[in-house]
């Protein structure tokens, strides 16, 4: 790949990662991977400055402030640090900084949390802000006040003081929080850092107060009327003001510093909080001034980033879970092992290909790590420790929840349950069944659906049509009024067009348009159920894979049961809009611009009613384009390709 293309690719990847990490608190890219990609981009831009972009991630310290909090401009920027990934790189940094001089360095653990600035005026805490992009952060004062280790008042303080620290969630608090989340059926937090960031950004300080956050202060940003000669002196001063200060050691030789960096890593399990590295800083403040900073980071400090921690454990079992979409996901139950600050008991196995490629078997000793210190994964098997008699593992050919057969996903990587009434997929199946393009049942939102499932009133989509007023009236504060309205909507849905019902069944590969085409072609549920794959492939837009999917779905025991109960409930099984006039047969029509005589949906139905296909884009296969007011690029492209462009009136004449 050419340097320019790679720079553009890396810029896009890292910009997206920054957004998810700093703005959404939803990290997707592991830190170790991010750091290496950033290093690669820096080197490419240095070698090819003509391709560097002004908005490159290398020109930024971090992300951007969220709009839900008031912005705070930092009087002194909260800069990031240059990263080093090996002892050789660390030695290079130290030797270059010393330049033959006797220089002392402060060596500190790098806390994996959220960096903040605390501001005091005349000894009173007046404002706290997140780092944001280093220059502008978010005002989270009220949430910071809930952290008990932050002093609200300081005796003998300077007129104005700004200190920098790292807010984190202690391991015990994290385990307690996730236990509460699991008990409440809520999603678990990925790691303590993610939990701390989410807690500090809660709009309600009461929530933050319950999360057990803590802080370690590691720098003075501004201290009016107070001077220091060294960083260590400033830390001792902060201790005297009763701040909770980062632990540190003052060392001089390269060997001593490297040994302390390794020692911090060895102690990380015993620490109350997660760390992801060690920070090495020049202690002498005058030398710091002399060394200065780049646009991105100071030249007098470096962060040694620890590689992902890897440990051995034993696979005690392999369990298969069925997700909301029916995908079978295997997980390894492993002998508990402490990894990256948490106790790991399970590891993802992704799919059968992953298991087979690594030949993972129950009883194997495996090497395990956390991907980005978030999701535990198995790297490989220690074959020298494999017990005798263990056999290869294969995923079941039937759903472990409902017993229905499973099939390969369209991309070939996953197995999926085909059960129409599988309990694991119930919530998702019902949400699809009642959606707008399907049976369009107003009032059956996710909260009501979950309540119906929890009460045992709905175990399949067909159960919706058997609900009674007495059963559901207690779901709303308004009592029977909302319940009667829902029952009326359910009753009304029974007469929906047959094509909507086909789509609502959730057959793999069958979308809303295919449902309409199938309904029009076969005319009734009975005819569709009896159709062989060869007959199904005669329908436009139905290929061999879709035909087999439809054929096999109607032969599943759960599907037959679902259809029978829908029939008994009086749901329409006949097509009321069969194609009898084929004036648009074989034609592909594109609608563009604002139509005044009918909505886009109504026009599409007309086209399909007469055997045509409504497409969203113009191509050489387009038969003609119907252009309403303010038609844009689609009309221009049609004229460039010589495709006829009709006015709405001309289209209306064709319909008549």
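The values are calculated or read from the model by the stated rules, or taken from the named source; none is laboratory data. Every value quoted in this text rests on a predicted model; they were computed, and no experiment measured them. FYI the Cβ positions are ideal-geometry reconstructions off the backbone, even for glycines, and counts take in every protein chain you see.
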Study note, to complete from the structure: Considering residues that are in contact with a strand residue (DSSP E or B) (Cβ under 8 Å, 6 or more places away or on another chain) and at positive phi, the number found within the range 128-150 is 1
Check your understanding: Checking residue 319 against (1) more than 25 Å from residue 56 (Cα to Cα); (2) loosely packed, with under 14 Cβ neighbours inside 10 Å; (3) assigned by TED's automatic domain parsing to the domain that holds residue 134, which single condition isn't satisfied?
Key -> (3)
Review point. Which residues, taken from the range 65-88, are in contact with a helix residue (DSSP H, G or I) (Cβ under 8 Å, 6 or more places away or on another chain) and not in a strand (DSSP E or B)?
Key: 66, 85, 87
Check your understanding: Quick check: is even one residue across the range 240-252 out of contact with any strand residue (DSSP E or B) (no Cβ under 7 Å at 6 or more places or on another chain) and in a helix (DSSP H, G or I)?
Key -> yes
Exercise for review: For residue 89, work out the one condition from (1) at pLDDT 85 or above; (2) touching a strand residue (DSSP E or B) at 6+ places or on another chain (Cβ under 9 Å); (3) surrounded by 19 or more Cβ atoms within 10 Å (Cβ to Cβ) it doesn't fulfil.
Suggested key: (3)
Check your understanding: Being closer than 29 Å to residue 269 by Cα, without any contact (Cβ under 8 Å) to a residue 12 or more places away in the chain and either touching a strand residue (DSSP E or B) at 6+ places or on another chain (Cβ under 9 Å) or buried (at least 19 other Cβ atoms within 10 Å of the Cβ) (or both), is that true of even one residue in the range 384-407?
Key -> yes
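Here is a check on your reading of the model: is residue 296 in the same structural domain as residue 114 (by TED's automatic domain parsing), out of contact with any strand residue (DSSP E or B) (no Cβ under 7 Å at 6 or more places or on another chain) and either at positive phi or not in a helix (DSSP H, G or I) (or both)?
Values: in the same structural domain as residue 114 (by TED's automatic domain parsing): yes; out of contact with any strand residue (DSSP E or B) (no Cβ under 7 Å at 6 or more places or on another chain): yes; either at positive phi or not in a helix (DSSP H, G or I) (or both): yes.
For residue 296, the condition - in the same structural domain as residue 114 (by TED's automatic domain parsing), out of contact with any strand residue (DSSP E or B) (no Cβ under 7 Å at 6 or more places or on another chain) and either at positive phi or not in a helix (DSSP H, G or I) (or both) - is met.
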Point to revise | residue 603, sole failed condition from (1) modelled with pLDDT of 85 or more; (2) within 40 Å of the chain's Cα centre (by Cα); (3) under 21 Å from residue 498 (Cα atoms) | key: (1)
Review point. Tally time: how many residues in the range 472-493 are touching a helix residue (DSSP H, G or I) at 6+ places or on another chain (Cβ under 9 Å), modelled with pLDDT of 95 or more and either surrounded by fewer than 16 Cβ atoms within 10 Å (Cβ to Cβ) or not assigned by TED's automatic domain parsing to the domain that holds residue 520 (or both)?
Key: 1
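Which one of these is outside any helix (DSSP H, G or I), touching a residue at least 12 places away in the same chain (Cβ under 8 Å), assigned by TED's automatic domain parsing to the domain that holds residue 423 and under 32 Å from the mean Cα position of the chain (by Cα): 500, 496, 508?
On the way: 500 fails: outside any helix (DSSP H, G or I); 496 fails: under 32 Å from the mean Cα position of the chain (by Cα).
Among 500, 496, 508, only 508 is outside any helix (DSSP H, G or I), touching a residue at least 12 places away in the same chain (Cβ under 8 Å), assigned by TED's automatic domain parsing to the domain that holds residue 423 and under 32 Å from the mean Cα position of the chain (by Cα).
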Practice item. Output the number of the condition that residue 153 fails; it satisfies all remaining conditions of (1) surrounded by fewer than 22 Cβ atoms within 10 Å (Cβ to Cβ); (2) at pLDDT below 90; (3) over 12 Å from residue 211 (Cα atoms); (4) out of contact with any strand residue (DSSP E or B) (no Cβ under 6 Å at 6 or more places or on another chain). Key: (4)
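Counting only residues that are more than 23 Å from residue 151 (Cβ to Cβ) and in contact with a helix residue (DSSP H, G or I) (Cβ under 7 Å, 6 or more places away or on another chain), which one in the range 188-215 is surrounded by the fewest Cβ atoms within 10 Å (Cβ to Cβ)? Walk me through it before giving the result.
Kept after step one, since they are more than 23 Å from residue 151 (Cβ to Cβ), are these residues of the range 188-215: 188-195, 198, 203-204.
Now restrict to residues that are in contact with a helix residue (DSSP H, G or I) (Cβ under 7 Å, 6 or more places away or on another chain): 188-189, 192, 195.
Numbers: 188: 11, 189: 21, 192: 26, 195: 24.
Among those residues, the one meeting the criterion is 188.
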Exercise for review: Please verify whether the range 116-135 includes one or more residues that are surrounded by fewer than 19 Cβ atoms within 10 Å (Cβ to Cβ), touching a residue at least 24 places away in the same chain (Cβ under 8 Å), assigned by TED's automatic domain parsing to the domain that holds residue 274 and within 30 Å of residue 251 (Cβ to Cβ).
Suggested key: yes
Practice item. Would you confirm whether any residue within the range 274-285 is touching a residue at least 40 places away in the same chain (Cβ under 8 Å), part of a helix (DSSP H, G or I) and touching a helix residue (DSSP H, G or I) at 6+ places or on another chain (Cβ under 7 Å)? Key: yes
**Study point:** Near pairs, Cβ below 6 angstrom, 6+ apart or cross-chain, from the range 624-641 (assigned by TED's automatic domain parsing to the domain that holds residue 594) to any residue that is in a helix (DSSP H, G or I) and buried (at least 21 other Cβ atoms within 10 Å of the Cβ)
**Key:** 625/638; 626/651
Check your understanding: Hey, residue 424 hits all of (1) in contact with a strand residue (DSSP E or B) (Cβ under 7 Å, 6 or more places away or on another chain); (2) surrounded by fewer than 21 Cβ atoms within 10 Å (Cβ to Cβ) but one; which does it fall short on?
Key -> (2)
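Out of 258, 221, 233, report the one residue that is touching a helix residue (DSSP H, G or I) at 6+ places or on another chain (Cβ under 7 Å) and either at pLDDT 95 or above or within 26 Å of residue 140 (Cβ to Cβ) (or both). Spell out how you get there, then give the answer.
On the way: 221 fails: touching a helix residue (DSSP H, G or I) at 6+ places or on another chain (Cβ under 7 Å); 233 fails: touching a helix residue (DSSP H, G or I) at 6+ places or on another chain (Cβ under 7 Å).
Sole residue among the options that is touching a helix residue (DSSP H, G or I) at 6+ places or on another chain (Cβ under 7 Å) and either at pLDDT 95 or above or within 26 Å of residue 140 (Cβ to Cβ) (or both): 258.
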